[in-house]
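Chemist: Before anything else, here's the structure in question.
Taken together, the values in this text are just the output of simple stated rules run on the coordinates, not laboratory data. Keep in mind the model is a prediction, meaning the values are calculated, not measured. Using ideal geometry, Cβ is built from the backbone for each residue, glycine included, and neighbour counts are taken over all protein chains shown.
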Amino acid sequence: MHRSIHHVVRPLIVGLSIFGSSYLLAGCATLSKQECRIGDWQAIGYNDGVAGYHSDRLVSHTKACAKASIAPDYQAWERGRKLGLQQYCTVNNAYNIGRRGRPLNTVCPIAMAHTLQTANQKGLDYYALDSQLDKETRLLDTYQAEFDKLENGAMLDFANEKEARARLLSLSDDIRSTKRRIQATRQQLDALNQSNRFYESL
């Protein structure tokens, strides 16, 4: 009985492993078979350019379309990608990419590199401050919730009232210092917004 169960379960596990691997590989494909068959390579290239992809993106498309026995049209794809990069390589887009916490890809003309990197860094600075503000705000909420419970007489995990009171005093200091940091971060964000209006208006 044991051997027969083993013989059934083992092929099932192997089969599921193969299926799972195939599913993951399919999920990583840059294009579907239908997209490969339609073959609008200039449009595909344009979308890749708008997203800031390098020219080696076509290697991934080639692998994806090999399953459909279709080869990409490099010239049409590259023509579209260059048109898309005109949208990607703008000061406003470089700034907005930074505000989402992402660095600018090195796909833009060298002559524009400094200006675009500066805009992107401004966006990254904003993202860092905004993330810090969110972190401090959530920390304040945590402190305040614990403070309110202790102030209302809850002992929480403390052994006695003395320990609970000591934690209450400590939380009071933590809340004050966190509020000061939040205020300072908001002021920095306001100042950054003022200086970054140029990038947002483009």
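Chemist: From Ser69, Ser55, Ser32, which residue is within 23 Å of the chain's Cα centre (by Cα) and among the polar types (S, T, N, Q)?
Modeler: Checking each option against the conditions leaves just Ser55.
Chemist: Specify the residue that is nearest to the chain's Cα centre (by Cα); the eligible residues are those in region 104-134 that are among the polar types (S, T, N, Q) and more than 21 Å from Asp56 (Cβ to Cβ).
Modeler: It comes out as Ser131.
Chemist: Quick check on region 145-162. Is at least one of its residues exposed (fewer than 14 other Cβ atoms within 10 Å of the Cβ), more than 30 Å from the chain's Cα centre (by Cα), charged (D, E, K, R) and not in a helix (DSSP H, G or I)?
Modeler: Yes, some residue in region 145-162 is exposed (fewer than 14 other Cβ atoms within 10 Å of the Cβ), more than 30 Å from the chain's Cα centre (by Cα), charged (D, E, K, R) and not in a helix (DSSP H, G or I).
Chemist: Which residues, counting only those in region 63-74, are aliphatic (A, V, I, L, M), surrounded by fewer than 16 Cβ atoms within 10 Å (Cβ to Cβ) and either closer than 30 Å to Gly123 by Cα or touching a residue at least 12 places away in the same chain (Cβ under 8 Å) (or both)?
Modeler: The answer is Ala68, and nothing else.
Chemist: If you don't mind, another one. Go through region 125-156 and give me each residue that's under 15 Å from Leu171 (Cα atoms), touching a residue at least 24 places away in the same chain (Cβ under 8 Å) and not hydroxyl-bearing (Ser, Thr, Tyr).
Modeler: Selection gives Glu136, Leu139, Leu140, Gln144, Glu146, Phe147.
Chemist: Considering only region 75-121, state which residues are crowded, with 20+ Cβ neighbours inside 10 Å and either farther than 13 Å from Val50 by Cα or among the hydroxyl-bearing types (Ser, Thr, Tyr) (or both).
Modeler: Tyr88, Tyr95, Gly98, Leu116, Ala119, Asn120 - these are the residues of region 75-121 that are crowded, with 20+ Cβ neighbours inside 10 Å and either farther than 13 Å from Val50 by Cα or among the hydroxyl-bearing types (Ser, Thr, Tyr) (or both).
Chemist: If the Cβ limit is 8 Å and pairs must be 6+ apart or interchain, which residue in region 157-186 that is within 12 Å of Glu146 (Cβ to Cβ) pairs with which residue that is part of a helix (DSSP H, G or I) and of a type in the set (Lys, Arg)?
Modeler: Final answer for the pair search is Phe158/Arg167.
Chemist: Let me ask something else. So which helices (runs of 4 or more DSSP H) are wholly in region 32-140 and hold at least 2 residues that are of a type in the set (S, T, N, Q)?
Modeler: 41-50, 57-66, 74-88, 91-99
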